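Asker: Structure in structure tokens, see below.
The values are calculated or read from the model by the stated rules, or taken from the named source; none is laboratory data. These numbers come from a predicted model, not from an experiment. All Cβ positions, glycine included, derive from the backbone under ideal geometry; neighbour counts span all protein chains shown. Only protein heavy atoms, including side chains, enter the accessible area calculation; ligands, DNA and RNA are left aside. Shrake-Rupley method; radii C 1.70, N 1.55, O 1.52, S 1.80 Å.
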Amino acid sequence: MTSSARSLRVAAAAAALSALAHAQDALSTEPMDSDAAPRAVAGPGPIDPAAALRALNATVIFSSVAASNSANVPGITPLIQFIGTTSAFQRPYGTKGGRWYLKADTNAPSTADDLLLVDGVVALREGDQAPWTAVPQTMGPFEARNGLTDNGGLAVKNNTSATTNDDYVAKFTGGVWSIVAQEASQIGALPAGVTYDDILTSVVLLDSGDVCFEADGIDGPGITTTIDEVFVREGATNTLFAQELVTIPSSQFTGLSETIDNIGFDDVWFTPDGANYVMKADLTGATTSDDVIIYNGAVVLQEGFDVPGIPGDPIPSLGIDEVAMDFAGNWWARGNLVSGQDFVVRNGVVMAKGGDPIHTGATELWDDTTFGDLFFMHQGDSLGNYVIAGVTDNANTFTNGVLVLNNQTVVCREGDPVDLDGNGLFDDGHFINTFGNDDLLLNDNGELYFVATLRANNATTASVAQVFLRVDLNSTAPVVYCTAGTTTNGCVPSISGTGTPSATAASGFTLDVANVEGQKQGLFFYGVSGPTASPWGSGGTSFLCVKSPTQRMGAQDSLGTAGLCDGAYSQDWNTYRFNAAPNAVGQPFAAGNTVWAQAWFRDPPAVKTTNLSDGLEFVLQP
């Protein structure tokens, strides 16, 4: 899928912000008294902890909630389940084309409880025969980092039950398993007699079928313990990328020519074609400037020196937290500076820092008060889209961890509810608790995969389970969110949308609210500033689900029978938009704009003498 073909709902967010600029001065119609429907008054409003995942097509792939079917390991009998409150699932990895893999722990016996799942299927299991050798030996636990390609390839590192030479890097390509490297085998890029030992890690499988990985403790002629760590490529092309106390990265900020002293485990990344790589390493020089990030052999970030764009505030010791590379070959890094400032950079350009709004137009700021490192994830696809995750200055510390897409919209937030059983309702009593460091994957299909811990309610931060989620960032179908009020006679109104919301069509998208009390005056209203969940008066059951400013639509009667729940409201939103005044909220609308709508209606015995439906989010098509 091309970049131009993807909406990602990011265009929607950007357009909504553009439309908001026109909406700030818009005046709403006021068909009822001042205590009635919400009016077009600007204001930030509280953040709805349910808004992000409710507004996107989020799917639970697996969880470790024992009572949920999502905890059942697929394809294995007798039944076993994923288990653990913080370690059921490790970091997901995958390809730009949409494949993914995940290391998981289960309640099977300890000799068979470790799994490697690929695209939702158990590919390898601890205790099974190692498929890359005919010699009887079973597989041990797997590493979280392995290799995967869009053409069906898989590469793993494993320590088997063999008594000698039991560490392997193996790959599955062309439908066949083969051994890439084995303890005591020759290293292709080094002189004859130089062999691998028992530390093999950080496996990357290239599209060509070659495998890159790190090896420590290598042996052989001329090898001492000071030069026994390497990062290599094995296959049709054998390459030595780095060797401790031998390799000298270029462009060192100190102007010196120091050698690599140590390579960071799991901190080496390659593009699928092998053309670009990035690694985190230490140099042999002064400890005040030895931490570096190396991109294609050259130092691009170094301890003791400034981050480009933040002058006069150098990186301190241990100031570089993490490095990554997206599928386009852009290198990413995050960390902190001498002043305590936190940063995320892409190719040396600052993408986010402490004190910045979490996205364009936001009043919520990145803030490290509750988490010293502030940022804990950054990932991109090959089309320029990216996600940055961190903590904010939100006064509610139970909801101040967020995933932000393209500096435009919050994808997920701590406190978001999770639909474990897939029934379309958030009625399972589990909520996002915390996100794991770097536990996410963004591919070119507009799919975001991530691992998070769960809590049983939003009054605690105690983890009760883990969840592995997929969010479809391309989703444009109308989505119901927020919570409807219960009326005096026990009616719970339900909003829906039928047809295609459009920025230009004169009709064709109908808002409906069913299960309203009969014979009640009401109306629809909408906004373009985002969702919220503000209590509708003290002691009431309704919530205001649309952030101000809002625009009231025409008043109508619910019809039906007084005292019963057979009333309804219906209005074509496209028709309203087509005929709306130029200064109506959101005008002029454009394809990609996101709109949030809700219904208000009379209920004299209720708080504020009125009640509200749930909310509906929809994205305008051309």
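Asker: From the list Thr498, Thr510, which residue is of a type in the set (S, T, N, Q), farther than 24 Å from Thr609 by Cβ and either modelled with pLDDT of 95 or more or not in a strand (DSSP E or B) (or both)?
Answerer: Of Thr498, Thr510, the one residue that is of a type in the set (S, T, N, Q), farther than 24 Å from Thr609 by Cβ and either modelled with pLDDT of 95 or more or not in a strand (DSSP E or B) (or both) is Thr510.
Asker: What is the residue count in segment 404-422 for residues that are in a strand (DSSP E or B) and either charged (D, E, K, R) or in contact (Cβ under 8 Å) with a residue 60 or more places away in the chain (or both)?
Answerer: 7
Asker: Here is a follow-up. Give the number of residues within segment 471-486 that are open to solvent by 10 Å² or more (accessible area, probe 1.4 Å) and either over 13 Å from Glu617 (Cα atoms) or part of a loop (DSSP other than H, G, I, E, B) (or both).
Answerer: Qualifying residue count, segment 471-486: 10.
Asker: Would you confirm whether any residue within segment 246-256 is open to solvent by 10 Å² or more (accessible area, probe 1.4 Å) and closer than 20 Å to Val180 by Cα?
Answerer: Looking for residues that are open to solvent by 10 Å² or more (accessible area, probe 1.4 Å) and closer than 20 Å to Val180 by Cα, one finds none in segment 246-256, hence no.
Asker: Take Val194 and decide whether it is without any contact (Cβ under 8 Å) to a residue 60 or more places away in the chain, surrounded by fewer than 20 Cβ atoms within 10 Å (Cβ to Cβ) and farther than 26 Å from Asn347 by Cβ.
Answerer: Against the criterion (without any contact (Cβ under 8 Å) to a residue 60 or more places away in the chain, surrounded by fewer than 20 Cβ atoms within 10 Å (Cβ to Cβ) and farther than 26 Å from Asn347 by Cβ), Val194 qualifies.
Asker: Within segment 492-503, can one find any residue that is out of contact with any strand residue (DSSP E or B) (no Cβ under 8 Å at 6 or more places or on another chain) and under 30 Å from Val528 (Cβ atoms)?
Answerer: Checked against the condition, which is being out of contact with any strand residue (DSSP E or B) (no Cβ under 8 Å at 6 or more places or on another chain) and under 30 Å from Val528 (Cβ atoms), segment 492-503 yields no hits at all.
Asker: Just to confirm my filter: which strands (runs of 3 or more DSSP E) fall fully inside segment 113-211 and include at least 1 residues that are under 33 Å from the mean Cα position of the chain (by Cα) and within 22 Å of Gly235 (Cα to Cα)?
Answerer: 154-159, 167-173, 176-182, 199-205
Asker: Filter segment 86-106 down to residues that are over 19 Å from Lys157 (Cβ atoms) and of a type in the set (D, E, K, R), then give me how many there are.
Answerer: 1
Asker: Cβ-Cβ distance below 6 Å, separation of 6 or more or different chains: which pairs start in segment 248-269 with a residue that is within 13 Å of Leu301 (Cβ to Cβ) and end on one that is open to solvent by 60 Å² or more (accessible area, probe 1.4 Å)?
Answerer: Once the first residue is within 13 Å of Leu301 (Cβ to Cβ) and sits in segment 248-269, its partners that are open to solvent by 60 Å² or more (accessible area, probe 1.4 Å) give Phe253/Phe305.
Asker: Spot the failing condition for Val595; the list is (1) over 21 Å from Phe509 (Cβ atoms); (2) open to solvent by less than 10 Å² (accessible area, probe 1.4 Å); (3) at pLDDT 90 or above; (4) β-branched (Val, Ile, Thr), and only one is missed.
Answerer: (1)
Asker: For segment 275-290, state whether one or more residues are in contact with a Ser or Thr (Cβ under 6 Å, 6 or more places away or on another chain) and hydrophobic (A, V, I, L, M, F, W, C).
Answerer: Checked segment 275-290: no residue is in contact with a Ser or Thr (Cβ under 6 Å, 6 or more places away or on another chain) and hydrophobic (A, V, I, L, M, F, W, C).
Asker: Related question: Just to verify a result, which residue in segment 521-559, among those that are in contact with a Leu (Cβ under 6 Å, 6 or more places away or on another chain), part of a strand (DSSP E or B) and open to solvent by 20 Å² or more (accessible area, probe 1.4 Å), is farthest from Asn579 (Cα to Cα)?
Answerer: Ranking the qualifying residues of segment 521-559, first place goes to Ser534.
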